[in-house]
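Asks: After the structure tokens below, expect a handful of questions from me.
The values are calculated or read from the model by the stated rules, or taken from the named source; none is laboratory data. Small disclaimer: the values here were computed from a predicted structure and weren't measured. Methodologically, a virtual Cβ is constructed for each residue, glycine included, from the backbone with ideal geometry; neighbour enumeration extends over all protein chains shown. Note: areas computed on protein heavy atoms with side chains; ligands, DNA, RNA excluded. Shrake-Rupley method; radii C 1.70, N 1.55, O 1.52, S 1.80 Å.
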Amino acid sequence: MKPWIVRAALVTLAIVASLGCAKRETPVLHVYTWADYIKPEVVQRFERENRCRVVIDTYDSNEAMYAKLKAGATGYDLLTPSSYQVQVLEKQGMLQPLDHSRLPNLVNVDRDYLAIAIDSGMVHSVPYMLTNTGVGYLRSKVGELEPTWAVFDRSDLKGRMTMLNDMRETIGAALKSLGYSLNSTDSLQLEQAKDVVLRWKRNLAKFENEQYKGGLASGEFVVVHGYNGDLMQARAENPDIAFFAPREGLSLSCDDLVIPKDAKQVELAHRFIDFLHDPEVAAENSVAIQYLCPNSASYDRLPADFMNDPALRLAPEVRARSEVIRDLGSDLVKYTRIWDVIKATP
Amino acid sequence: MRRSRAPMWLAGAVLAFLWLPIAVLVAHSFNASRFGGQWTGFTLVWYERLFTAADVWRALANTLVVAFGSTAIATVLGTTAALALDRYRSRLQDVHHLLVHAPLVVPEILLGISLLLFFVALRLPLGMTTLVAAHVTFCVSYVTLVVLGRLQDFDWTLLDAAQDLGADGWTAARRVLLPLLAPGIAAGALLAFTLSVDDFVITFFVSGPGTTTLPLRIYSMIKHGSPPIINALSTLLLALTVTTVWFSQRLLKEAR
Amino acid sequence: MAEARGLFRPRDERAWSTPSVVWLAVLFALPALVVVAIAFRSADPYGGIGADWTLGTLGRLADPTMPALLWRTFALSAATTAICLVLATPTAYVMARCSSRLRQLMVLAVVVPFWTSFLVRIFAWKVVLHPEGALQRALVALHLVPEGSTLLYQPTAVLLVLVYTELPFAILPIYAAAERFDFRLLEAARDLGAGPVRSFLGVFLPGIRRGLLTATLMTFIPALGSYIVPDLVGGPGGEMLGNRIAQRTFVDRDLPQAAALSMLLALAVLLPSVLALTRSRRRTLGTAGAGEAVR
């Protein structure tokens, strides 16, 4: 073999080996979160200030994250599940209690939100970002739309619409369109909701949790069911995108920061949580990802047009009809069964 | 005698079909439009963005670590397996033959899920070690096949001659068998490396924290619609591949 | 067969075989058994594997949507295989008859796209089939598709991309067989009066039948288990068995059901595989001595 090939191979191996070594020297914080959910510059600043590396893996639904954890993906130090998923994780004993003495910035968390939060004492979780769902659409393709879930009945838009691949969200939307609670466990109401989703499904291109924003921005889809912050991010790419909050009500949620029981970098994870609730960081992060962090000390640092954006600030009557998704315990299987039928029916 | 021209047109069309998406990809890596629907101008900005995308390079590093590790192990296992299958006939080898050839006819999703469920059942944490183990498992068969193919035309009398001349088993192996088999082993290793680098399905099933490989990153980028960077990355990888292939063709010609 | 003394003695068989046999037994055969075992467990409602043994998980396979799913998976795979064979055979024929230099180029032309990332090639098709893209606009202009429709997210898109990804696996085995085919047989057939089509079908195809068989297997089986292609370009109507397995694993966190479905897929794959494996073993044993008829 030519000598220079041997040398090149050795050099490559050396580089690869040194990459492996570098990993072992600096502490690494493993974060498992939604995609595009932390501003990269915020992460880099934390890495510099704490002389560590932050590795971010992403998931596209609470269920997928949970499935991965249950399947043995241990080694994550920080997660950002939605509040109802936090309830599930907590019941399964998968979380560790937070040490408030290491989290001085917790005083900044919005008291009004905590009043309605599930874990109001922040025993296991600290609120990270408030989210709500809604509908994004391309103005130039469909004009101004009526703010109702019934938009998914429009067969003229067949094949160009998507809904979330999340049974709580999509079945919840159907329940809301019928005037029911999206935490309903009533079999009759769920049956009706199933029929509504099956009707909508005929007009959908697919159920999608992540591609909808890129798809909407590129014109692949013209109407999508999605999260407000994601749609606001997409609007920055394509100003033709508009958002409406369906008048029948929508789902509210908060994603929380939690530390799994088997986390290795507990100290670093606490520091990251505290860092994210520094008012300046919270404001910077919020504006970048277009979601609202319930950190009252950060509110006056947020630009006015962000705070008043209809995607963020719901009209009072819509807010009154909107609900927070709650864990349903063993009743969840009723939703799973319906979702199976929905997914399987062509 | 006139040969029909129809097959030639069809073959040409098929080859064009194979290259169509590649051409589109390369073209769009220079397209200023973010969404690839229409052409809005020539730009190199996606290549610039690619170079600052730290997560992509980290994923590439992971991919290479896994690929080198699994190729090394798979090559050793595959070579010993090929030698065993070629040199011996027995019940053991019948079972061996089945074990080696079965992974080739099993869809990747089955390999992925069986490994995941296996690791779950044993409560093994998912990480680099389990990932490398998974990659070795699907690569071994390919290495074995390539080396076996080479062994079928192998002239064993050369080894006998070496031993007649006084070389003991291991010297003969080192100085006669391995060098003669080297091209086959290298080809097998190259194939294993390629398969490992490009693997998505199995990696998707068994990946854990911090084991995001390049295909996983690409999948995530596809889902988020960061298309232009992927186009740029693919174009670069394609250029790298074509150069490597051209280079190795030159080397082979010189070797002859 | 020459005996390489000292290196391949009968008592060395164990040593040569152990590494690969043990590895594959532990990491391939054993997991397969684990999958079968898990299919007989109940599902834990909070995800993961339940504590008790039951036939219920397998029973749930008999849900009314299964036949449609299985049929669609089978039909798409069969269609993909058929189209690939039809396209690959003439291509391989042309490649085998070309001059050596052109032939090398053509082989590279087939292989090099295969060297780019599999995901990226599928993604490229999403760009080609994009509702705002050139192809769509051309088809609308030619009145072949209605305005505002999309080529993506349909079973046809799945078929198209499956054919695209499987085609090299069809071309290469057929080409390998065609390269060894003695084309003088075709000339002889023509001399005897057979037309080009007749000689192609009656002489060439039987002559490369081993390559055709390999191509069929290497196309059909991966297609049966495909999951990425329907996931990325198929819509709700394009779901295949692989998608459901992935959904059960990652979204519904119903690992026992995923295992049960995997068993189903394995059974579907088993029959053609067993046939292929027993033939290949006989072939390997055979070439040690005699050699084959059509070489």
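Asks: Which of the residues belonging to region B:50-81 are more than 12 Å from chain C (Cβ to nearest Cβ), β-branched (Val, Ile, Thr) and without any contact (Cβ under 8 Å) to a residue 40 or more places away in the chain?
Replies: The one that is more than 12 Å from chain C (Cβ to nearest Cβ), β-branched (Val, Ile, Thr) and without any contact (Cβ under 8 Å) to a residue 40 or more places away in the chain: B:THR52.
Asks: Let me ask another. Exactly one of these conditions fails for B:LEU126: (1) more than 8 Å from chain C (Cβ to nearest Cβ); (2) more than 30 Å from C:LEU271 (Cβ to Cβ); (3) in a helix (DSSP H, G or I). Give me its number.
Replies: (3)
Asks: Farther than 30 Å from B:ASN31 by Cα, open to solvent by less than 20 Å² (accessible area, probe 1.4 Å) and among the β-branched types (Val, Ile, Thr), is that true of B:THR63?
Replies: Working: farther than 30 Å from B:ASN31 by Cα: no; open to solvent by less than 20 Å² (accessible area, probe 1.4 Å): yes; among the β-branched types (Val, Ile, Thr): yes.
For B:THR63, the condition - farther than 30 Å from B:ASN31 by Cα, open to solvent by less than 20 Å² (accessible area, probe 1.4 Å) and among the β-branched types (Val, Ile, Thr) - is not met.
Asks: What is the number of the single condition among (1) buried (at least 17 other Cβ atoms within 10 Å of the Cβ); (2) within 26 Å of B:LEU25 (Cβ to Cβ) that C:GLU132 does not meet?
Replies: Evaluating C:GLU132 over (1) buried (at least 17 other Cβ atoms within 10 Å of the Cβ); (2) within 26 Å of B:LEU25 (Cβ to Cβ) leaves (1) as the failure.
Asks: Still on this structure: Name, by its number, the condition in (1) under 28 Å from A:ARG235 (Cβ atoms); (2) at pLDDT below 85; (3) within 14 Å of chain C (Cβ to nearest Cβ); (4) surrounded by 15 or more Cβ atoms within 10 Å (Cβ to Cβ) that does not hold for B:PRO7.
Replies: (1)
Asks: Something else now. Suppose we filter region C:243-267 for residues that are within 21 Å of A:LYS206 (Cα to Cα) and touching a residue at least 60 places away in the same chain (Cβ under 8 Å); how many remain? Don't jump to the end; show me each part of the working.
Replies: Step one: of region C:243-267, the residues within 21 Å of A:LYS206 (Cα to Cα) are C:243-253.
Applying the additional criterion that residues be touching a residue at least 60 places away in the same chain (Cβ under 8 Å) yields C:244, C:253.
Total satisfying the criteria: 2.
Asks: Moving on to the next point. Quick one: would you say B:THR243 is open to solvent by less than 20 Å² (accessible area, probe 1.4 Å), within 14 Å of chain A (Cβ to nearest Cβ) and either touching a Lys or Arg at 6+ places or on another chain (Cβ under 9 Å) or of a type in the set (Ser, Thr, Tyr) (or both)?
Replies: no
Asks: If you go through region A:47-79, how many residues are open to solvent by 20 Å² or more (accessible area, probe 1.4 Å), assigned to a helix (DSSP H, G or I) and more than 9 Å from chain C (Cβ to nearest Cβ)?
Replies: Final tally of qualifying residues: 4.
Asks: Is it true that some residue in region B:25-40 is outside any helix (DSSP H, G or I), at pLDDT 85 or above and more than 8 Å from chain C (Cβ to nearest Cβ)? Break it down into steps so the answer makes sense when it comes.
Replies: Pass one, region B:25-40, residues outside any helix (DSSP H, G or I): B:29-40.
If we keep only those that are at pLDDT 85 or above as well, we get B:29-30.
Filter once more, keeping what is more than 8 Å from chain C (Cβ to nearest Cβ): B:29-30.
Yes: region B:25-40 contains one or more residues that are outside any helix (DSSP H, G or I), at pLDDT 85 or above and more than 8 Å from chain C (Cβ to nearest Cβ).
Asks: Is it the case, given these coordinates, that B:VAL146 is open to solvent by 40 Å² or more (accessible area, probe 1.4 Å), in contact (Cβ under 8 Å) with a residue 60 or more places away in the chain and more than 10 Å from every other protein chain (Cβ to nearest Cβ)?
Replies: Details: open to solvent by 40 Å² or more (accessible area, probe 1.4 Å): yes; in contact (Cβ under 8 Å) with a residue 60 or more places away in the chain: yes; more than 10 Å from every other protein chain (Cβ to nearest Cβ): yes.
It is true that B:VAL146 is open to solvent by 40 Å² or more (accessible area, probe 1.4 Å), in contact (Cβ under 8 Å) with a residue 60 or more places away in the chain and more than 10 Å from every other protein chain (Cβ to nearest Cβ).
Asks: Now a separate question. Between B:LEU18, B:LEU85, which is open to solvent by less than 50 Å² (accessible area, probe 1.4 Å), over 23 Å from A:ALA234 (Cα atoms), within 9 Å of chain C (Cβ to nearest Cβ) and under 22 Å from the mean Cα position of the chain (by Cα)?
Replies: Matching residue, one of B:LEU18, B:LEU85: B:LEU18.
Asks: If I ask for residues that are open to solvent by 20 Å² or more (accessible area, probe 1.4 Å), touching a helix residue (DSSP H, G or I) at 6+ places or on another chain (Cβ under 6 Å) and among the β-branched types (Val, Ile, Thr), which ones from region B:88-106 would you list?
Replies: B:VAL105 - this is the single residue of region B:88-106 that is open to solvent by 20 Å² or more (accessible area, probe 1.4 Å), touching a helix residue (DSSP H, G or I) at 6+ places or on another chain (Cβ under 6 Å) and among the β-branched types (Val, Ile, Thr).
Asks: Look through C:LEU102, C:LEU144, C:LEU162 and report the one residue that is exposed (fewer than 15 other Cβ atoms within 10 Å of the Cβ), part of a helix (DSSP H, G or I) and more than 9 Å from every other protein chain (Cβ to nearest Cβ).
Replies: Values: C:LEU144 fails: part of a helix (DSSP H, G or I); C:LEU162 fails: exposed (fewer than 15 other Cβ atoms within 10 Å of the Cβ).
C:LEU102 is the lone residue from the list that is exposed (fewer than 15 other Cβ atoms within 10 Å of the Cβ), part of a helix (DSSP H, G or I) and more than 9 Å from every other protein chain (Cβ to nearest Cβ).
Residue by residue, here is whether (1) at pLDDT 85 or above; (2) surrounded by fewer than 24 Cβ atoms within 10 Å (Cβ to Cβ) holds:
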| residue | (1), (2) |
| --- | --- |
| C:LEU232 | yes, yes |
| C:GLU239 | no, no |
| C:ARG253 | no, no |
| C:ALA268 | no, yes |
| C:LEU271 | no, yes |
| C:LEU275 | no, yes |
| C:ARG281 | no, yes |
| C:VAL294 | no, yes |
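Asks: Do any strands (runs of 3 or more DSSP E) lying entirely in region A:200-271 carry at least 2 residues that are over 16 Å from A:ASP166 (Cβ atoms) and acidic (Asp, Glu), and which ones are they? Spell out how you get there, then give the answer.
Replies: On the way: elements: A:204-207, A:223-227, A:241-244, A:251-258.
In region A:200-271, there are no strands (runs of 3 or more DSSP E) which contain 2 or more residues that are over 16 Å from A:ASP166 (Cβ atoms) and acidic (Asp, Glu).
Asks: Tell me, which residue of region A:210-250 that is of a type in the set (Ser, Thr, Tyr) and within 15 Å of the chain's Cα centre (by Cα) is most open to solvent (accessible area, probe 1.4 Å)? Spell out the reasoning first.
Replies: We begin by selecting, within region A:210-250, every residue of a type in the set (Ser, Thr, Tyr); these are A:212, A:218, A:227.
In the following step, the residues that additionally are within 15 Å of the chain's Cα centre (by Cα) were identified as A:212, A:227.
On the way: A:TYR212: 0, A:TYR227: 30 Å².
It comes out as A:TYR227.
Asks: Could you grab me the full set of residues in region C:223-234 that are in a helix (DSSP H, G or I), out of contact with any Leu (no Cβ under 6 Å at 6 or more places or on another chain), within 9 Å of chain B (Cβ to nearest Cβ) and under 13 Å from C:VAL161 (Cβ atoms)?
Replies: Start the filter on region C:223-234 by keeping residues that are in a helix (DSSP H, G or I), which leaves C:223-224, C:228-233.
Among the residues that remain, those that are also out of contact with any Leu (no Cβ under 6 Å at 6 or more places or on another chain) are: C:224, C:228, C:230-232.
Checking the rest, the ones that are also within 9 Å of chain B (Cβ to nearest Cβ) come to C:224, C:228, C:232.
Within region C:223-234, C:ILE228, C:LEU232 meet the criteria.
Asks: Just the residues that are among the basic types (Lys, Arg) and open to solvent by 40 Å² or more (accessible area, probe 1.4 Å), please, taken from region A:177-209.
Replies: A:ARG199, A:ARG202
Asks: Go over the candidates A:ASN295, A:ASN308 one by one and state the one that is more than 14 Å from chain C (Cβ to nearest Cβ) and touching a residue at least 60 places away in the same chain (Cβ under 8 Å).
Replies: On the way: A:ASN308 fails: touching a residue at least 60 places away in the same chain (Cβ under 8 Å).
Exactly one residue qualifies, and that residue is A:ASN295.
Asks: Hey, another quick one. I'm told C:MET95 meets every condition in (1) surrounded by fewer than 21 Cβ atoms within 10 Å (Cβ to Cβ); (2) in contact with a helix residue (DSSP H, G or I) (Cβ under 6 Å, 6 or more places away or on another chain) except one. Can you identify the failing condition by its number?
Replies: With (1) surrounded by fewer than 21 Cβ atoms within 10 Å (Cβ to Cβ); (2) in contact with a helix residue (DSSP H, G or I) (Cβ under 6 Å, 6 or more places away or on another chain) applied to C:MET95, the lone miss is (1).
Asks: Among the residues that make up region C:189-199, is at least one of them closer than 28 Å to A:VAL142 by Cβ and either basic (Lys, Arg) or in contact with a Pro (Cβ under 6 Å, 6 or more places away or on another chain) (or both)?
Replies: no
Asks: Filter region A:266-296 down to the residues that are of a type in the set (Val, Ile, Thr) and open to solvent by less than 10 Å² (accessible area, probe 1.4 Å), then identify the one that is farthest from A:ASP112 (Cα to Cα). Can you show your working first?
Replies: Taking region A:266-296 first, the residues of a type in the set (Val, Ile, Thr) are A:266, A:273, A:281, A:287, A:289.
This time we only want the ones that are open to solvent by less than 10 Å² (accessible area, probe 1.4 Å), so: A:273, A:281, A:289.
Details: A:ILE273: 20, A:VAL281: 21, A:ILE289: 22 Å.
It comes out as A:ILE289.
Asks: Within region C:47-59, does at least one residue satisfy the condition of being within 12 Å of chain B (Cβ to nearest Cβ) and either of a type in the set (S, T, N, Q) or open to solvent by less than 20 Å² (accessible area, probe 1.4 Å) (or both)?
Replies: So far as region C:47-59 goes, yes, one or more of its residues are within 12 Å of chain B (Cβ to nearest Cβ) and either of a type in the set (S, T, N, Q) or open to solvent by less than 20 Å² (accessible area, probe 1.4 Å) (or both).
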